[in-house]
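Worksheet: the structure to be examined is printed underneath.
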Amino acid sequence: MQNNDSKQSIFIITGMHRSGTSLTASLLQSAGVDIGKRLMPAGAGNVKGYFENLNFTEFHENILLSQGISKAGWTVEKQIKVPEQFLGRAKLLVQENSSRKIWGWKDPRTTLFLNYWADLIPQANFLLIYRAPWEVIDSLYRRRNVGDEGFDFNPNFALEIWLNYNQEVLRFYEQFSERCLLISIYSIAHDPSFLIQAIKDKFGIPLNYPDSDIYDDSLLNTQSYNLHRPALIKHYFPQVWELYQELNAKAVTPEALSSSLVPELPPLPPYEAWVLQDWLDLRRLEKESFKLQTQLEQSHEELDRNRSQLQQTLQQNQAEQERSHVELAQSQSQLQQTQSQLQQTQSQLQQTQSQLQQTQSQLQQTQSQLQQTQSQLQQVLVELEQSKTLILAMESSKFWKMRIAWFWLKQVFGVTENSKQSFNRLLSRAKKLLYLLKNKGLKYTITRLSRKVYLKLDDGSANIEVLPETYQGWLQKNFPRESDLRKMAETVEVFTNKPVISIIMPVFNTAERFLREAIESVLTQVYPYWELCIADDASTQPHVRAVLEEYRAKDSRIKVAFREQNGHIAQASNSAIELATGEFLSLLDHDDLLTPDALYEVALLLNRHPEADMIYSDEDKVDEHNQFCLPFFKPDWCPDSFLSRMYTCHLGTYRRSLVTEIGGFRVGYEGSQDYDLVLRVTEKTEKIFHIPKILYHWRVHPESASSGAEAKPYAYIAAEKALTDALSRRGEKGVISGTPGYMGLYVTRYKIENHKLVSIIIPTKDLGETLNKCLKSIFEKSVYPKYEVIVIDNGSTEDHTTKVINFWETHEPSRFRCYKLDIPFNFSKINNYAVTQAKGEYILLLNNDIEVVTPDWIDAMVEQAQRPSIGAVGGLLLYPDNSIQHAGIVLGIGGVASHSHKKLPSIYPGYGGQVITINNYSAITGACLMCRREVYERVGGFEEKLAVAYNDVDFCLKLVEKGYRNIYLPHVVLYHHESKSRGHEDTPEKLARLAKEAEYMQTKWSKILKDDPCYNPNLTRSSDDYRINI
């Protein structure tokens, strides 16, 4: 690359690690050479600093890592080939320094790429630094950096690396001697001005002489001259010795040093023929000795502190003893007073006995009144029960169901109170609905209506619509105020970690207003350490280029690349990534908005969790009038929920090195390129964090993806392709299918590898007809080939129940058996006992009032339960009126837990489509729960202290504690013939038991009950319908 400025001077400083390149770079920096602004800080290995330009260092490290070589450059390979995709980045590094007259960089890894940089920068001058091999390996053994552990097992490898690096130095010097200055670090250390004079003599470039105090003799450890290390090298590694001699012969050297670079070698007696392993062990023991000395000093300090504290305690005890003597004297005085009072009390007692007789008479009257009150209370209880029955009848009536449907339709069609406009909108849509009914039929109309409900709320967003005034009220409480932003700006200054965040924005023909607002939302960020990397994908509208040029000139943190050909969003995004230098990448669409605290919250999390590789936040929509609406409050990372929808989406932040490792965005997945990216990122890391705050406003307008599934239908085809690829990469055989009527939602069905025996366990007591309906549905509808049914009879007394059990023992002798367990009812004990009698590899707990609906219910549950990562598997349980009884359990609601979406119509897709898709929940109901036997036994089964309530929740949380994921399946559908009024704890005994079991849960699981990772803290804990927490 030829720079336009012919007077520009470039110095590339390199050589083997620990050879003095840092010292050389510091001297050149003092002499006026610009070696970079973003330098590696000082460390234990280099107390004065490494003087390495991190932009070039990271460039070399990424090349090495891409070829399976350690990023330190520990290799014996020569002239490592640089892949083509790194060329653009290399040119950009040079271009970034094009305005500097004298510049350069230092990095020992450059030695592995000398010809690459010589071709790329023809005018560059190379300073090739070398040092005696015994001092280099001694320095490596001493410093013990991360990555140096390989020398523990192969100490000779350090010499092999020295040999490889310096062979490359000598080869390159002989090839390009006119562009190279070969010099030993001893020549530089002897007289730093010699280096400046040598550069002037060799290249004709005058530099300032460095400060006299910049060099410290202690920085270059040459103690190994006084030992037998050189003799050891010459005797055992003659090739290394000869290369060092050849370097000395060809290097530029002051006359005063020419005869002293190679020490006089003492004789090497046989008993002193050490091996390098002894050398390494000696250095390791020296370091351990220093560590122990430090610990000893700390122990002495701790002993002094303890002695001081003991003295203080002794003084306190003495003072306490003196106070006790005073208090004893006071007590004796009080005792005398008490004796006097006792005499008075005896006199009062006689008076009290007289009053007691009067009180007993009054008590008899009170008892009579109490009997009358109890009689009245009994009458009230009777009337209360009648009222409950009446309410249940009302809720079961057609009118009540129509009322529920009316409120649901109001939300679907956007009807608000006192709104003539909303009424007219409803009237118009009602006419369209009648037209569809008349011309297309009922089934078509329901499908269209359900689909429209979902699309109105968008893929992955809340399907329980939040009223605008409700969300506005939430924003007033939670959106950062100006005073909050000022405090955030002050907090940034005390961050220990201030990573540069590169915001990636592909642009194509964006409306000017939306484009400006998107860029302005970045400029107003509280966190200042960002760069905006924009790639224009060959826009045809002229205002786009003008706007981008305007903002690039306004702020140096804005970088713009103009693509010559349109490559669609994946290629455009990759072009933007090529501009990035930040440690992390955040994705921003060209018409969306960041909240002013967005990058601050990301940086705050990175200071708390520097290990994070992926971060995502909550989001909402912003309409054409910049009104915020439709918030989507997300769960923490739930891998199986993610396979059902792309829910992490905005704001997404990713470690740049990880994105580079997986190859960035893939062409052919446009519209779902971010879904595909996250699927691949999460296969490389588990360090995924969620910020439960609205940090991103997704623009809603007719052409945006957020306006509905019909805006970009190709995106959903690409999503299915990305999901299918993910299963293939992960070695999981399965099929991805879309959810009918709900584009953007997917269901994964896995192949059953081995149809192992499933043991279905059903506790029962009496209720013979209910049990028979359950068993009949199992045996007549289930299609899974290998299962057994175990009924545990917990003290039945009804004859009909006995007849039912006898019937199935006769008709299904190989698949049905019954055991009697006459103990006080304890759901946990019953199931634990049943598992000991079961033969199956899979345990399926089932209530006796369950009725099977879907024939492949067992198959679907086994598909998931066979996966090693899965704990408990549950399904969709419906009341007989087709309303939802169970679709997963949310923690914290009502104090402990509650079923999600309970009592809502089964046609309702749920919040974010959760009812109709596979999702992770912290717990699922024990009314229908499957897991592998090994999993059940590993956590000790059900907790028998929880006889009735919460034992299934406790079991599921024990699974979560062991690292398993619990999962809900919408395609496993069963009826649960449990009355909706069942479960009221209306006796003192039941209330006491419930309170005790709730207290057990709140004590044992307090942390997760307060913050369910499968829920969101911005959603209510007072009901189970996912409404916003105001």
(message) Here is a check on your reading of the model: is residue 660 surrounded by fewer than 23 Cβ atoms within 10 Å (Cβ to Cβ), in contact (Cβ under 8 Å) with a residue 60 or more places away in the chain and under 24 Å from residue 567 (Cα atoms)?
(response) yes
(message) Against the condition in contact with a strand residue (DSSP E or B) (Cβ under 9 Å, 6 or more places away or on another chain), free of Cβ contacts under 8 Å to residues at least 40 places away in the same chain and assigned by TED's automatic domain parsing to the domain that holds residue 976, how does residue 805 come out, does it pass?
(response) yes
(request) Could you list all residues from the range 490-508 that are more than 21 Å from residue 652 (Cβ to Cβ) and in contact (Cβ under 8 Å) with a residue 40 or more places away in the chain? (result) 491, 492, 495, 496
(request) Return the total of residues in the range 825-858 being under 11 Å from residue 790 (Cα atoms) and basic (Lys, Arg). (result) 1
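Got a number for residues in the range 800-830 being assigned to a helix (DSSP H, G or I) and under 46 Å from the mean Cα position of the chain (by Cα)?
Looking only at that region, the number is 4.
Is there a residue in the range 302-322 that is within 30 Å of residue 142 (Cα to Cα) and either surrounded by 10 or more Cβ atoms within 10 Å (Cβ to Cβ) or basic (Lys, Arg) (or both)? Lay out the reasoning, then the answer.
Just the residues of the range 302-322 that are within 30 Å of residue 142 (Cα to Cα), to begin with: 302.
Pick out the ones that are also either surrounded by 10 or more Cβ atoms within 10 Å (Cβ to Cβ) or basic (Lys, Arg) (or both) and you get 302.
Scanning the range 302-322 turns up at least one residue that is within 30 Å of residue 142 (Cα to Cα) and either surrounded by 10 or more Cβ atoms within 10 Å (Cβ to Cβ) or basic (Lys, Arg) (or both).
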(request) Hey, could you check the range 945-973 for residues that are farther than 26 Å from residue 1010 by Cβ and not β-branched (Val, Ile, Thr) and say which is nearest to the chain's Cα centre (by Cα)? (result) 969
(request) May I ask you to list the residues in the range 598-614 that are closer than 18 Å to residue 1018 by Cα and either part of a strand (DSSP E or B) or in contact with a Lys or Arg (Cβ under 8 Å, 6 or more places away or on another chain) (or both)? (result) 601
(message) Can you list the helices (runs of 4 or more DSSP H) lying wholly within the range 127-227 that have 3 or more residues being at pLDDT 90 or above and surrounded by fewer than 16 Cβ atoms within 10 Å (Cβ to Cβ)?
(response) 156-175, 192-203
(request) Identify, by number, the condition in (1) touching a Pro at 6+ places or on another chain (Cβ under 9 Å); (2) surrounded by fewer than 24 Cβ atoms within 10 Å (Cβ to Cβ); (3) touching a residue at least 40 places away in the same chain (Cβ under 8 Å) that residue 919 doesn't meet. (result) (2)
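Residues are listed down the side, and each one gets a yes or a no for (1) over 26 Å from residue 934 (Cα atoms); (2) in the same structural domain as residue 816 (by TED's automatic domain parsing); (3) exposed (fewer than 15 other Cβ atoms within 10 Å of the Cβ):
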residue	(1), (2), (3)
753	no, no, yes
762	no, yes, no
767	yes, yes, no
772	yes, yes, no
777	yes, yes, no
788	no, yes, no
791	no, yes, no
(request) Kindly provide the set of residues from the range 508-546 that are in a helix (DSSP H, G or I) and surrounded by fewer than 22 Cβ atoms within 10 Å (Cβ to Cβ), ordered by number. (result) 512, 513, 514, 516, 517, 520, 521, 523, 542, 543, 545, 546
(request) For the range 747-764, indicate whether the set of residues that are of a type outside the set (A, V, I, L, M, F, W, C), modelled with pLDDT of 95 or more, under 30 Å from the mean Cα position of the chain (by Cα) and not in a strand (DSSP E or B) is non-empty. (result) yes
(request) Can you tell me which residue within the range 27-78, out of those that are of a type in the set (Asp, Glu) and farther than 28 Å from residue 197 by Cα, is farthest from the chain's Cα centre (by Cα)? (result) 77
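Have a look at 104, 73, 20 and point out the one that is surrounded by 13 or more Cβ atoms within 10 Å (Cβ to Cβ), at pLDDT below 95, touching a strand residue (DSSP E or B) at 6+ places or on another chain (Cβ under 9 Å) and assigned by TED's automatic domain parsing to the domain that holds residue 165. Quick ask: steps written out before the conclusion?
Numbers: 104 fails: at pLDDT below 95; 73 fails: touching a strand residue (DSSP E or B) at 6+ places or on another chain (Cβ under 9 Å).
From the options 104, 73, 20, the qualifying one is 20.
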(message) Going by what's in this entry, would residue 549 be described as part of a helix (DSSP H, G or I) and within 24 Å of residue 649 (Cβ to Cβ)?
(response) no
(request) Only residues that are in contact with a helix residue (DSSP H, G or I) (Cβ under 9 Å, 6 or more places away or on another chain) and closer than 12 Å to residue 207 by Cα: list them for the range 16-39, please. (result) 27, 28, 30, 31, 33
(request) Please find, among 836, 797, 770, the residue that is out of contact with any helix residue (DSSP H, G or I) (no Cβ under 8 Å at 6 or more places or on another chain), over 30 Å from residue 642 (Cα atoms), without any contact (Cβ under 8 Å) to a residue 60 or more places away in the chain and assigned to a helix (DSSP H, G or I). (result) 836
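Yes or no, residue by residue, for (1) at pLDDT below 70; (2) assigned to a helix (DSSP H, G or I):
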{"residue": "246", "(1), (2)": "no, yes"}
{"residue": "252", "(1), (2)": "no, no"}
{"residue": "256", "(1), (2)": "no, yes"}
{"residue": "277", "(1), (2)": "yes, yes"}
{"residue": "282", "(1), (2)": "no, yes"}
(request) Being more than 25 Å from residue 633 (Cα to Cα) and of a type in the set (S, T, N, Q) is the filter here, so list the residues in the range 503-527 that pass it. (result) 509, 510
(message) Which pairs turn up if I take residues in the range 675-691 that are surrounded by fewer than 20 Cβ atoms within 10 Å (Cβ to Cβ) and look for partners that are acidic (Asp, Glu) and in a helix (DSSP H, G or I) with beta carbon separation below 8 Å, at least 6 apart in sequence or on another chain?
(response) 684/661; 691/601
(message) With the structure loaded, tell me whether residue 263 is at pLDDT below 75, assigned by TED's automatic domain parsing to the domain that holds residue 200, surrounded by 11 or more Cβ atoms within 10 Å (Cβ to Cβ) and under 21 Å from residue 132 (Cα atoms) or whether it fails that test.
(response) yes
(request) Tell me, yes or no, whether the range 600-622 has at least one residue that is more than 18 Å from residue 653 (Cβ to Cβ), at pLDDT below 95 and surrounded by fewer than 17 Cβ atoms within 10 Å (Cβ to Cβ). (result) no
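The values are calculated or read from the model by the stated rules, or taken from the named source; none is laboratory data. Quantities reported herein were computed from a predicted structural model and do not represent experimental measurements. No Cβ is skipped: glycine too gets one built from the backbone with ideal geometry, and neighbour counts run over all protein chains shown.
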